[in-house]
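First up is the structure itself, then whatever we jot down about it.
The values are calculated or read from the model by the stated rules, or taken from the named source; none is laboratory data. The shown structure was predicted, so the numbers you read here are calculated from the model rather than taken from an experiment. All Cβ positions, even for glycine, are placed from backbone atoms using ideal geometry, and neighbour counts span all protein chains on display.
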């Protein structure tokens with residue numbers, strides 16, 4: 001069991017800042033902020049984890065609530081979000097050449113369309129691996145899958161993405 005008052009005092013500003021980074025509408029930020037802490041209160045009695053790992057518990061609820069909110073509101077993945085998939089030494093690295101910028105934007109738009117066509121579990125896995133920088137083992141635990149199933153799903157998702165990217 002966790003002390004909800006202490007969690008609110010320690011994490012309220014961090015959760016608010018995280019939401020503010022990802023959302024622009026102040027009312028939505030405040031609504032989601034209160035929704036997150038009401039979920040924390042509801043889950044507090046069932047929390048059996050390490051008392052020192054409360055930050056992971058709060059972060060997971062925050063991240064999942066934000067993802068659910070974006071899904072419900074049909075907020076699509078931003079180009080900045082997708083740019084994180086490409087390393088800085090790739091052909092998509094920031095260059096001042098407008099032709100390169102054009103091809104970068106076109107490639108990111110194609111990737112965005114391809115990601116939207118993936119199954120929700122495949123898309124989540126890709127986001128966890130390449131945006132959240134989680135290992136397959138961490139993703140497997142988070143998604144409730146065996147490591148082998150997670151690895152197969154990862155390979156299948158990448159194959160589907162490659163196929164969609166070649167076609168577009």
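Tell me whether the range 88-102 contains one or more residues that are farther than 30 Å from residue 35 by Cα, crowded, with 16+ Cβ neighbours inside 10 Å and either modelled with pLDDT under 80 or not assigned by TED's automatic domain parsing to the domain that holds residue 29 (or both).
yes
Go through (1) modelled with pLDDT under 85; (2) assigned to a loop (DSSP other than H, G, I, E, B) one by one and return the number of the condition residue 145 breaks.
Of the numbered conditions (1) modelled with pLDDT under 85; (2) assigned to a loop (DSSP other than H, G, I, E, B), the odd one out for residue 145 is (1).
Just to be sure before I move on: is residue 81 under 22 Å from residue 60 (Cα atoms), surrounded by 15 or more Cβ atoms within 10 Å (Cβ to Cβ), at pLDDT below 75 and not assigned by TED's automatic domain parsing to the domain that holds residue 32 in the structure I sent?
Against the criterion (under 22 Å from residue 60 (Cα atoms), surrounded by 15 or more Cβ atoms within 10 Å (Cβ to Cβ), at pLDDT below 75 and not assigned by TED's automatic domain parsing to the domain that holds residue 32), residue 81 qualifies.
Taking the residues in the range 15-28 that are over 17 Å from the mean Cα position of the chain (by Cα) and not in a loop (DSSP other than H, G, I, E, B) as candidates, determine which candidate is surrounded by the most Cβ atoms within 10 Å (Cβ to Cβ).
For the range 15-28, the residue satisfying everything is 28.
Out of curiosity, is residue 157 modelled with pLDDT under 90, surrounded by 11 or more Cβ atoms within 10 Å (Cβ to Cβ) and assigned to a helix (DSSP H, G or I)?
no
Just to be sure I understand, how many residues within the range 108-120 are at pLDDT 85 or above and out of contact with any helix residue (DSSP H, G or I) (no Cβ under 7 Å at 6 or more places or on another chain)?
The total comes to 3.
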